[in-house]
């Protein structure tokens, strides 16, 4: 797989998230993918496998989001062999009417046309304040 192929897999994932297709986005990951998120949010730490990623990250994220309001703004994306480093903003309206606008950085590994692993960094304090403010 070329660097460009790996980059296109990650860009396809962002495009799917931008369309608000959280369920479909999980299928950009291999069945045995590993997804690690910084911090102490309910979905922080290591998630193993596509099903766990879907159940503990993507579906809960969808619950906070007004349908049709998700927007991914892609920043720099750099690929070398099967590794892709990317920065992006994720915007959406929350169900209580707030505007969510957070910045992310991720290091992806792509194999066989699917995301095999990702390490994701974001402003977790901001996410907690807007998404889990009642916890």
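General observations
- Only one of the numbered conditions (1) surrounded by 18 or more Cβ atoms within 10 Å (Cβ to Cβ); (2) under 15 Å from residue 28 (Cβ atoms); (3) in contact with a helix residue (DSSP H, G or I) (Cβ under 9 Å, 6 or more places away or on another chain) is not met by residue 131, and that is (2).
- Of all residues making up the stretch 60-85, the number that are out of contact with any strand residue (DSSP E or B) (no Cβ under 7 Å at 6 or more places or on another chain) and within 26 Å of residue 7 (Cβ to Cβ): 5
- Selected residue (only one of 72, 66 is under 11 Å from residue 20 (Cα atoms) and over 16 Å from the mean Cα position of the chain (by Cα)): 66
- Subset of the stretch 91-105 (residues that are touching a residue at least 12 places away in the same chain (Cβ under 8 Å) and touching a strand residue (DSSP E or B) at 6+ places or on another chain (Cβ under 8 Å)): 91, 92, 93, 94, 95, 100, 101, 102, 103, 104, 105
- Residue check, residue 108 without any contact (Cβ under 8 Å) to a residue 40 or more places away in the chain, buried (at least 16 other Cβ atoms within 10 Å of the Cβ) and under 15 Å from the mean Cα position of the chain (by Cα): no
- Residue within the stretch 119-126 that is surrounded by fewer than 18 Cβ atoms within 10 Å (Cβ to Cβ), in contact with a strand residue (DSSP E or B) (Cβ under 7 Å, 6 or more places away or on another chain) and under 25 Å from residue 1 (Cα atoms) present: yes
Each value in this text was obtained by applying a stated rule to the coordinates, not by laboratory testing. Small disclaimer: the values here were computed from a predicted structure and weren't measured. Cβ atoms come from the backbone with ideal geometry, glycine included; neighbour counts cover every protein chain shown.
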